Amino acid sequence: GHFGPYGGAFVPEILVPVLEELREAYAEAQADPAFDAEYRTLLREYVGRPTPLSFCDRLTDYYGGAKIYAKREDLCHTGAHKINNTIGQILLARRMGKTRIIAETGAGQHGVATATVCAKFGMDCIVFMGEEDMERQRLNVERMELMGAEVRPALSGSRTLKDATNEAIRDWVSNPDDTFYIIGSVVGPHPYPMMVRNFHRVIGDETRAQLREHEGRETPDAVVACVGGGSNAMGIFYPYIEDEAVRLIGVEAAGEGLNGRHAATLSKGTPGVLHGAMSYLLQDTGGQVEIAHSISAGLDYPGIGPEHSHLKDTGRVEYVSATDTEAMDGVRVLSEQEGIIPALETAHAMAPMQRLAREIGPDGIIVFNCSGRGDKDMQTIAKHR
Amino acid sequence: GHFGPYGGAFVPEILVPVLEELREAYAEAQADPAFDAEYRTLLREYVGRPTPLSFCDRLTDYYGGAKIYAKREDLCHTGAHKINNTIGQILLARRMGKTRIIAETGAGQHGVATATVCAKFGMDCIVFMGEEDMERQRLNVERMELMGAEVRPALSGSRTLKDATNEAIRDWVSNPDDTFYIIGSVVGPHPYPMMVRNFHRVIGDETRAQLREHEGRETPDAVVACVGGGSNAMGIFYPYIEDEAVRLIGVEAAGEGLNGRHAATLSKGTPGVLHGAMSYLLQDTGGQVEIAHSISAGLDYPGIGPEHSHLKDTGRVEYVSATDTEAMDGVRVLSEQEGIIPALETAHAMAPMQRLAREIGPDGIIVFNCSGRGDKDMQTIAKHR
Amino acid sequence: MSRLSDTLAACRAQGTPAMGLFTTNGFPHPDATVPVLHAIDDGGADFIELGMPFSDPLAEGLPIQRSSARALSHGVKMDDAFDTAASFRKGSDTPVLLMGYINPVLQYGIERFCTKAANAGVDGLILPDVPPEEATLLTEHAQAAGLDLVFLIAPNSSDARIQRVDELATGFVYAVSVTGLTGSRLDGRGAVQSYLKRARGLVTQNPLLVGFGIATHEDAQELSQHTDGFIVGSALIKEIEACWDDDTLSDADRYARIRQFAHALKHGDAVAAGSNPAE
Amino acid sequence: MSRLSDTLAACRAQGTPAMGLFTTNGFPHPDATVPVLHAIDDGGADFIELGMPFSDPLAEGLPIQRSSARALSHGVKMDDAFDTAASFRKGSDTPVLLMGYINPVLQYGIERFCTKAANAGVDGLILPDVPPEEATLLTEHAQAAGLDLVFLIAPNSSDARIQRVDELATGFVYAVSVTGLTGSRLDGRGAVQSYLKRARGLVTQNPLLVGFGIATHEDAQELSQHTDGFIVGSALIKEIEACWDDDTLSDADRYARIRQFAHALKHGDAVAAGSNPAE
């Protein structure tokens, strides 16, 4: 349950047996070919996998260096990679005989992905969402409710994702028997960070196969992904971890700048415990958790997955950051050059692209994870354009 | 250029040589394996084809009859089938040396699909959109502009799709040399209805292959699709036309009811000429075109593709209609049972499902074309829910 | 020979370009159309195009679009066009062509339409969204009713196509001056002239008239160098619009101004009939 | 034997359930915490849990969440907890445990934290988000500083786990009464009793105390049947909140009411010290 010094399961005693049950059930599921088969069938026939690896010819010309490919998670059902994980977890929930699903959500993407699989599997669904986020992301609330989910406002603290997560954990503590908590990123207590990563590694696995088809080689020179909690990044990085020659670059949200309000947990945080795991954390000197800021509600989280903390410390992954302005530039460039309007989260991955493309040069290859589409962000984008 | 008595090319003389040039270029392209190869590569690597054929287990139980499959055009890049056609047409435009693209749009989906391929191909893009639609579909306007398109308001007539089409034709008449008009449905003068149908037949072709994989047979008992201009329906129907045993059902928008404001062209219209082709048309006794109404802006068109008119007259396709209320029910059912929030257009296809599922019975199979996703409609849906 | 052909032949014989003037039936108001027709007839129109308003006039620029919408807002129907023509015919022998889009004609019934038009004293038809390829549904009925069927050519029409149109057309061949809508600005005059010169050499069986974008006597003179005459629509429509939107004018003032406008188009002077509106 | 163990042993010897009372440091106001502690001490608390406020107290119900947020809004820091404990210790020998979440402790530095706590007269620690599996980073330092380390068990803890917790815990084993948050309603009393009875049989090396959801003397009596005592938090917090939100009360009234509340919890009467607030 640890990645170097990070991870673990810092949870109330009530959840200890619940997590133990989950670990065992997940281990059994992993060993059961029928589980994997059903998971992969759903990914193929419901989610729309494999998602394409799109060669970005115009973006390549625009940056004038390495060939750039986009792994098109924006084409997944519900519009982002999130559903790879909710499909996996709901299969596990059903296997464990759970009938009631809870989830936390910030921008609403994981909430929508959870409400979606709950509708598809006929399960009760309660999504916790910060009251402020519910107002900012009204349409995602409507989407969840339309699919039969109940969206419960988190009224405490900053009334955003962090607090929605607290509320989800409180609900879980109160309903440990019938309830399965579908966590939306590679965060939370063990086994979640490992499990969520494993449900997303299909992104990287497909990328390898597709890149071989396109280029005759499975490994690009660099893989770039945005990092909030870090699930899309872990999904595409993980199958490349052992390939030391592949540069892995994670892009955090620098918000208004690293000296202002931001969400750059790895760049500016320090290790600590939040939501059940030890990891880097934005906190004050007294250990109180700080409120993160990003133009992208999906990166607006003061924590990060523990495996990322380990990958930072070991240096295997380079973590950089992109400001709100750089993210908006990324939206514009990808929209204008490739006709792909990315999610604001995804757009952060564009920030280091010019530098990388030139460093690597025209003989090299960069893959970036186009983790979600921008429809949900059009109001924000329109306001800042 | 005709489908029975329908079709033709009722256009100003200026456009006659332009259409002749297009016919020739399209014929050459059809005969050129390289054209088809590039089209198919883009569909696969950019659009995300093949789209899945999803078995709807819960919907099947819900209606209690035939097995129901959804052909997931909602998973195409930009969120609807429309891009199959814009990819095809822009390849043709490039082949013809055209540098300026125009298009009409109602709800904005075809406009977005056109702006998208123009960005991807680096071409100038002007989208005509009724002034009233621009206000109703503000976010799609933002999407187009973000991708570098110019959205021009159509100020004449009802200021909706019909008038945007008039404006596009007027622009085309004024700029016949450098401009390619990407028409968004199986309407307009020859060769558009045939060409657009051919660019969308991939929907039905894939359905055949996928159904064979799922069920060991290529032909379902029924295929259901919504019909506005009729492109998604032609796309999925066409490869089944010769299979007489396959019932083909097109669902028009009955709006507030067939005796109120509606868009049920085949049910209530009469043959006439609009936008360059002879087809069924909503018109008064004096031949003035009437204003169509549907809750769905994409079905809100007083005309229909000429091939549909022919298929109605020959009886090969059964055309029925669904009211705004039935469409909203369809949104709800598909969202709650399958976790798929359909476009309002698409939701019309749910209306005859219960009757069909029971008529056909549990040994039979129904495929419906899930032509687009509902994100764009969330505000309308929320208002009517 | 039809009345239209006779008229155009007479103009040719006199060595003056024929002037066709377009206005929309029911515009600016149903009661005003017949007096307007008489005013332009008096002003010197050699023939008249009477527009049948349509909800979706896709080859028209804004002035004619507006006139069409204004006529429709008054509830104008197809039969009103026949009434207008018949009423005008009582007081004038000037040829009248009906101009409009095919759909209202289709709904009326083509045979019935042609018969009624002929009975109303109409001389021919111009349907800009019916190119020769789609005209088969019309030709027989038009011919039977003795109506000329005018077809159009455009700057991008090939030589072969111009010859084919000339074979199919009766009355005259209508050369669209520009690649654009009615009321478009005439630009690239050299190109227009060379196109009209080319058309002149290819149109041998019909008179050749030019239209679209002609707003002044000078335009008309220039473009008529290689044709048998010219047609003015949008400019006249704008003049009518201006007159009827000006509340300070009496109806008599208005008709006088229209007559004067027509006269000036043809003769280049602003005097003539216009100086004596009571005449 | 620690001061905490001695106290609990004494209670046991007397045959009365030990009463632990929880309040949050800095709540309702930093100046009020020490007097509140003395009031509950006077009211009969056998030991005190002093909460260290945290921004994200994920095992707490609303009353303790609110108290934590209120304390943080006053700028309360970790050192303030040591000051509170030391100040209280000057006037009382009642054991004090610090209760809170691991993150602020981590940031303070565990060794430094344990040393400071011990120096301030603190007797033990309860960290509800540190189950035994994660406690290795603490145990050594706590032991070195002479601090008891209390662990929790819950209704869904297996027999084996309860035994293991009993082995690791010092001071006492904290039996969470319900599967829920602090301040949850006690329901299904039969199930609670049978769980506590089961725990009683398994916890052999430490006293067993029950907490969560105990709001009245009757609750306390009932749940203490199979335990060595009980802990009350949310109910006290709500009482403090009510007192300080009532502007008509003087501070003396408030402390008296808190003392009386503690007394009533322990003894079931509403008289005692409370009847003479000026005492």
- Message: Just the residues that are under 30 Å from A:Gly364 (Cα atoms) and touching a residue at least 60 places away in the same chain (Cβ under 8 Å), please, taken from segment A:245-295.
- Response: A:Arg247, A:Leu248, A:Ile249, A:Gly250, A:Val251, A:Glu252, A:Ala253, A:Ala254
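In segment A:1-27, what residues are assigned to a helix (DSSP H, G or I) and without any contact (Cβ under 8 Å) to a residue 40 or more places away in the chain?
If the condition is that a residue be assigned to a helix (DSSP H, G or I) and without any contact (Cβ under 8 Å) to a residue 40 or more places away in the chain, then A:Val16, A:Glu20, A:Glu24, A:Ala27 are the ones that fit.
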- Task: For segment A:80-110, enumerate the residues that are outside any helix (DSSP H, G or I) and among the β-branched types (Val, Ile, Thr).
- Result: A:Thr99, A:Ile101, A:Ile102, A:Thr105
- Query: Of all residues in segment B:49-79 being assigned to a helix (DSSP H, G or I) and open to solvent by 10 Å² or more (accessible area, probe 1.4 Å), which is nearest to the other protein chains (Cβ to nearest Cβ)?
  - Reply: B:Leu75
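Would you check which residues across segment D:213-228 are in a loop (DSSP other than H, G, I, E, B) and open to solvent by 30 Å² or more (accessible area, probe 1.4 Å) and list them?
D:Ala215, D:Thr216, listed by residue number.
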- Message: B:Gly286 - would you say it is more than 14 Å from chain C (Cβ to nearest Cβ) and small (Gly, Ala, Ser)?
- Response: no
- Query: Which of the residues belonging to segment A:336-360 are surrounded by fewer than 24 Cβ atoms within 10 Å (Cβ to Cβ), in contact (Cβ under 8 Å) with a residue 24 or more places away in the chain and either among the hydroxyl-bearing types (Ser, Thr, Tyr) or within 14 Å of chain B (Cβ to nearest Cβ) (or both)?
  - Reply: A:Gln337
- Task: Find the residue count for segment C:6-40, including only residues that are touching a strand residue (DSSP E or B) at 6+ places or on another chain (Cβ under 7 Å) and charged (D, E, K, R).
- Result: 0
- Query: Based on what the data block shows, is A:Glu24 surrounded by fewer than 23 Cβ atoms within 10 Å (Cβ to Cβ) and within 24 Å of A:Asp205 (Cα to Cα)?
  - Reply: no
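Determine whether segment A:35-48 contains at least one residue that is in a loop (DSSP other than H, G, I, E, B), within 11 Å of another protein chain (Cβ to nearest Cβ) and touching a His at 6+ places or on another chain (Cβ under 9 Å).
Step one: list which residues in segment A:35-48 are in a loop (DSSP other than H, G, I, E, B), which gives A:48.
Filter again for within 11 Å of another protein chain (Cβ to nearest Cβ), leaving A:48.
Then keep just the ones that are touching a His at 6+ places or on another chain (Cβ under 9 Å); that gives A:48.
Yes - at least one qualifying residue is present in segment A:35-48.
Would you say C:Asn156 is in contact (Cβ under 8 Å) with a residue 40 or more places away in the chain, within 11 Å of chain B (Cβ to nearest Cβ) and open to solvent by less than 50 Å² (accessible area, probe 1.4 Å)?
Details: in contact (Cβ under 8 Å) with a residue 40 or more places away in the chain: no; within 11 Å of chain B (Cβ to nearest Cβ): yes; open to solvent by less than 50 Å² (accessible area, probe 1.4 Å): yes.
When the stated conditions are applied, C:Asn156 does not pass them.
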- Message: Given the criteria in a strand (DSSP E or B), within 26 Å of A:Leu311 (Cα to Cα), of a type outside the set (D, E, K, R) and away from chain D (no Cβ under 14 Å), does A:Val251 qualify?
- Response: yes
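Among the residues of segment A:234-243, is there at least one that is in contact with an Asp or Glu (Cβ under 7 Å, 6 or more places away or on another chain), more than 24 Å from A:Ala168 (Cβ to Cβ) and more than 14 Å from chain D (Cβ to nearest Cβ)?
The answer is yes; a qualifying residue exists.
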- Message: For segment B:139-161, which positions are open to solvent by 10 Å² or more (accessible area, probe 1.4 Å), within 13 Å of chain C (Cβ to nearest Cβ) and not β-branched (Val, Ile, Thr)?
- Response: B:Leu155, B:Ser156, B:Gly157, B:Ser158, B:Arg159, B:Leu161
- Task: Take C:Val36 and decide whether it is in a helix (DSSP H, G or I), within 13 Å of chain B (Cβ to nearest Cβ) and either over 16 Å from the mean Cα position of the chain (by Cα) or β-branched (Val, Ile, Thr) (or both).
- Result: no
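When segment C:113-170 is examined, which residues are found to be assigned to a helix (DSSP H, G or I) and charged (D, E, K, R)?
Correct list: C:Lys116, C:Glu133, C:Glu134, C:Glu140, C:Asp159, C:Arg161, C:Arg164, C:Asp166, C:Glu167.
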- Filter segment D:166-212 for residues that are free of Cβ contacts under 8 Å to residues at least 24 places away in the same chain and more than 22 Å from A:Glu167 (Cα to Cα); the one that is surrounded by the fewest Cβ atoms within 10 Å (Cβ to Cβ) is D:Gly190
- Message: Please go through segment B:124-138 and give me each residue that is within 11 Å of chain A (Cβ to nearest Cβ) and surrounded by fewer than 19 Cβ atoms within 10 Å (Cβ to Cβ), ordered by number.
- Response: B:Arg138
- Item | Matching entry among B:Asp377, B:Asp363 (being open to solvent by 10 Å² or more (accessible area, probe 1.4 Å) and either outside any strand (DSSP E or B) or without any contact (Cβ under 8 Å) to a residue 40 or more places away in the chain (or both)) | B:Asp363
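The values are calculated or read from the model by the stated rules, or taken from the named source; none is laboratory data. The structure displayed is predicted, hence computed values, not measured ones. We place every Cβ from the backbone using ideal geometry, glycine too, and count neighbours over all the protein chains shown. Please note that ligands, DNA and RNA were not included when accessible areas were found on the heavy atoms of the full protein model with its side chains. Shrake-Rupley method; radii C 1.70, N 1.55, O 1.52, S 1.80 Å.
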